[in-house]
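Only one structure is covered here, and it is reproduced in the block below.
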Amino acid sequence: MSVEPVTNTPRARPAGFWHDLVTIAGRALRAIPREADNLAPALIFPVFFFAIVVGSLEGIASFAGVDNFRAFQIPVAIIFAVTGVSRAIALVTDITSGYFDRLLVSPINRWALLLGLMVADFALVVGLSLPVLILAVVLGVNFVTGIPGMLAFLLISGLWGLVFTGFPYTIALRTGSPAAVNSSFLLFLPFVFLTSTFLPQEALSGWLATVASYNPITYILAGLRALITDGWVLPDLLRAIGAIAVVGLLSFSLAFTALRQRVKRP
């Protein structure tokens, strides 16, 4: 009677959620310097928009009750800088090249595939907020909340940029189309103009005032502006965090649902 030799076939073992998260995030962060040209619009457009709006409206802003129009507009510039910045295009590249499918063959944690990219996104949007914050200081915008207020300003801006990434990731996972991902920024434009971008909320009237009251960006801008000119106004800050949480619940639900559907595909 012959005895068949016992072979020990090596099998890949899961490395763990945190290891996978750090690996995905590290890969995404290392790729950012190679794509610096793609980030230029995220800084040029906010500064251009800020210069045009301040240059054309600063002289009449006092009639709307805005004493420091530059401080009033810095949060708008920050919102423009961080919104829509994500690794969604890189995710589309991974999908079309087949790299994403190879990752699915491995025992990598499925949640880490998206959360790792989002960690890199958060670091990126905070980094993009810094030049705009420096611009504010150069222009003489003083934070009444001091250095802690600046840090809170960066945190709120970063969180908003992070929760918005759920939308381009949803589009990337569902379509695998770079053009579709690039158009995701168009989702944001109506919201930023149907709010207190140019005037305080109390100065709005009619249908615009009604729309602005339901617009989450209204409350994010109010929270950011409070940190600059009013101090630690808890209701404004809580409403800003609440608005971010609501948008995040929606966008992340869509993104992780799209991820599950992409993972289940044969």
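Values computed for the structure shown
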item: Summed residue charge, Cβ within 11 Å of Phe256's Cβ, Lys/Arg positive, Asp/Glu negative; result: +3
item: Cα centroid of the range 190-263 to Cα centroid of the range 120-166, whole Å; result: 16 Å
item: Cα→Cβ-extended label distance, 7 Å offset, between Val192 and Phe48, nm; result: 1.2 nm
item: Contour excess over end-to-end distance, with Cα ends at Trp232 and Ser183 and 0.36 nm allotted per residue; result: 14.0 nm
item: Net lengthening on full extension, Thr96/Leu250 (0.36 nm per residue, minus Cα-Cα); result: 52.8 nm
item: Residue-averaged [θ]222 nm for the chain, counting only DSSP H segments that reach four residues, each worth -39500 (n - 2.57); result: -22500 deg cm²/dmol
item: Net charge contributed by nearby residues that have their C-beta within less than 15 Å of Ile156 (K/R +1, D/E -1); result: 0
item: Burial ordering of Tyr219, Tyr214, fewest other beta-carbon atoms within 10 Å first; result: Tyr214, Tyr219
item: Cβ-derived FRET efficiency at R0 35 Å, Ile89 paired with Ser205, nearest 0.05; result: 0.30
item: Charge tally in the Cβ shell below 11 Å around Leu124, where Lys, Arg are +1 and Asp, Glu are -1, Leu124 excluded; result: -1
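Only the coordinates and a few stated rules stand behind these numbers; no lab work does. Being a predicted model, the structure only gives us computed values, none of them experimental. Don't worry about glycine lacking a Cβ; one is built from the backbone with ideal geometry, like all the others, and counts go over all protein chains shown.
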